[in-house]
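J.: Pasting in a structure now, in structure tokens, and then I'll have a few things to ask.
Derivation of every value follows stated rules applied to the coordinates shown; laboratory data play no part. Everything numeric in this text was worked out from a predicted model, so none of it was measured. Here the Cβ is made from the backbone with ideal geometry for all residues, glycine too, and neighbour counts use every protein chain on show.
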Amino acid sequence: LNGNENVTVEKINNGYYLDGPGNDSALIFYPGAKVEYTAYIPLLMNLSNNGVDCFLVEMPFNIAFFGKDRADEIINNDSYHYSNWYLSGHSLGGIVASDYTSDHTNQLKGLILVASYPNKNITTPTLLVYGSNDNVLMTMIAGNIVYVDGRYQTGVDPLDVYEKSNYIIRRIEFELRA
């Protein structure tokens, strides 16, 4: 995997490090279940090119549940000196990232969930990114099953809960074209 004029891509233990022009902020990314983790390189190249260095984590058996604490290896590595650490994940990787975040609130500045949702109450600022045609996530939201006050509850409007908390919800509308 090659970088570009602004970003170098380095194979590290359990993944890749994308080192761009930024020095202050880094994002650790947990891939979705059974997704070839290198498929996220183009997305992370774009972020790195714009000043947020990225770590793409390879998960055991391509399932994030088996590598929940892999962010520890990166954050606690003396080679990296970032002031702002962010954790992100796609789908099941996002659920595992939210679980990690709930246990490490003092280490992370934010959580970014891509087509995912938190499985615990998160006090860390969180951005939920989802597509307008994401039928799986929309089913969860439409089913009004929300994790509030330490337990799953039904009959609660999740958007109302999230808007009153530190969650930021953004629906990204786009059309895939061949």
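J.: Rounded, prolate or oblate for the stretch 28-136? Axes are the square roots of the Cα gyration tensor eigenvalues, ordered a ≥ b ≥ c, and the cut-off for rounded is a/c under 1.5.
T.: Note, shape of the stretch 28-136 comes out rounded.
J.: Quick check on packing: order 32-45, 74-87 by the mean number of other C-beta atoms within 10 Å, highest mean leading.
T.: Result, highest mean Cβ count within 10 Å first: 32-45, 74-87.
J.: Percent relative contact order of the stretch 1-77, based on C-alpha pairs within less than 8 angstrom and at least six residues apart?
T.: Reported as a whole number, the value is 33 percent.
J.: Please sort 60-71, 15-26 by packing, taking for each peptide the average over its residues of neighbouring beta carbons within 10 angstrom, highest first.
T.: Listed from highest to lowest mean packing, they are 15-26, 60-71.
J.: Is the C-alpha gyration tensor of the stretch 1-61 telling us rounded, prolate or oblate? Criteria: a/c under 1.5 is rounded; beyond that, a/b larger than b/c is prolate, otherwise oblate.
T.: Numbers: a/c = 1.94, a/b = 1.77, b/c = 1.09.
Since a/c reaches 1.5 and a/b is larger than b/c, the shape of the stretch 1-61 is classed as prolate.
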